[in-house]
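Visitor: Mind looking over this structure? Questions follow.
The values are calculated or read from the model by the stated rules, or taken from the named source; none is laboratory data. Values in this document were obtained by computation on a predicted structure and should not be read as measured data. Don't worry about glycine lacking a Cβ; one is built from the backbone with ideal geometry, like all the others, and counts go over all protein chains shown.
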Amino acid sequence: MTNAFRDEIGKGGYGTVYKGVLPDGLVVAVKMLSESKGNGEEFINEVASIGRTSHVNIVTLLGFCYERDKRALIYEYMPNGSLDNFIHKQGSVNANCRLEWKTLSEIAVGIARGLEYLHRGCNTRILHFDIKPQNILLDKDFCPKVSDFGLAKLCKTKDSIVSMMGMRGTAGYIAPEVFSRNFGAVSHKSDVYSYGMLVLEMVGARKNLNSGVSHTSEMFPHYIYKDLELEKDDIILGDISEEENKIARKLILISLGCIQTSPSDRPSMSKVVEMLEGPLHSLPIPPKPYLFSPARFAEESVTTSQPSETGRLA
């Protein structure tokens, strides 16, 4: 179906993705997992979790292959690739394709709805634990779909807190409680934190395109708070229309609420969707997260494990 793996469309620590065509003409993405994935835990995780889902904002798993050490996942094909191609991948075909504020807002809403479905809409609650731009795929209409469930954990619908050995996720998006239980229990609120960091990165990338200012996703919240407190919207967002300003400010305020240090201070994904669809004037400026005091964050970063070659923390 991949014509001897001729058309490579993506590559990462998990393996390589190829474009393929099924006998009925349906175009698909075939993800060949690396042989170094041990006993196949991530593969089984992905099949077990995503096989339970059916939602417009969750990528559709069409099939899989598990033959000896060969493991493949077959997904619906996403013509626009992943979100990271549009927000910070230098040198890519889409690197200079600026997504308008309205499109960014629609993408943020779609991701939120997908996560809300995983947390509340499935028979078994699914916690993703690896929300980042690379794992958000975009169809031809830029409708976002959450993908890559290799690190997901399943839990009973009424349960939220999960037990977990060590850390999982990608540096820069991991909630504080995932790398240190001193911050609280690991739960669906950990995905909320990752979502907040993702949206801030979307806003920061759009700002960088406008001004050429370089802020890492880790430090960007500090700059945002400083300007919000001084009511300097023009510094944060640049020269944009009033309508775009409202969209951008809403995204910023909601995402800042999502990255609160204590899990109990973060909204649920249902509340996030409600806020995204509600009026801007009802959104206050959230407290500044403790971890984003620059000195404190630098100190915490030193004690945090470094990412592995795959970009994940084991």
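Visitor: What are the residues in the stretch 20-70 that are of a type in the set (A, V, I, L, M) and in a strand (DSSP E or B), if any? Steps first, answer last, please.
Guide: The initial filter retains those residues of the stretch 20-70 that are of a type in the set (A, V, I, L, M), namely 21-22, 26-30, 32-33, 44, 47-48, 50, 56, 58-59, 61-62.
Within the stretch 20-70, VAL21, VAL27, VAL28, ALA29, VAL30, MET32, LEU33, ILE58, LEU61, LEU62 qualify.
Visitor: Can you tell me how many residues within the stretch 252-290 are β-branched (Val, Ile, Thr) and not in a helix (DSSP H, G or I)? If you could, list the steps in order and put the result at the bottom.
Guide: Going residue by residue through the stretch 252-290, those that are β-branched (Val, Ile, Thr) are 252, 254, 259, 261, 272-273, 285.
Next cut, not in a helix (DSSP H, G or I) only: 259, 261, 285.
Number satisfying all stated conditions: 3.
Visitor: Does LYS226 fit the bill of being at pLDDT 55 or above, loosely packed, with under 14 Cβ neighbours inside 10 Å and assigned by TED's automatic domain parsing to the domain that holds VAL146? Before you say what the answer is, go through the steps one by one.
Guide: Details: at pLDDT 55 or above: yes; loosely packed, with under 14 Cβ neighbours inside 10 Å: yes; assigned by TED's automatic domain parsing to the domain that holds VAL146: yes.
Taking the combined requirement at face value, the residue satisfies it.
Visitor: Hey, does the stretch 26-48 have a residue that's of a type in the set (Ser, Thr, Tyr), modelled with pLDDT of 90 or more, over 20 Å from the mean Cα position of the chain (by Cα) and not assigned by TED's automatic domain parsing to the domain that holds LEU138?
Guide: Applying the first criterion (of a type in the set (Ser, Thr, Tyr)) to the stretch 26-48 yields 34, 36.
Next, only the ones that are modelled with pLDDT of 90 or more stay: none.
No, the stretch 26-48 contains no residue that is of a type in the set (Ser, Thr, Tyr), modelled with pLDDT of 90 or more, over 20 Å from the mean Cα position of the chain (by Cα) and not assigned by TED's automatic domain parsing to the domain that holds LEU138.
Visitor: Restricting to the stretch 142-176, name every residue that is surrounded by fewer than 20 Cβ atoms within 10 Å (Cβ to Cβ), modelled with pLDDT of 85 or more and in contact with a Gly (Cβ under 8 Å, 6 or more places away or on another chain).
Guide: CYS143
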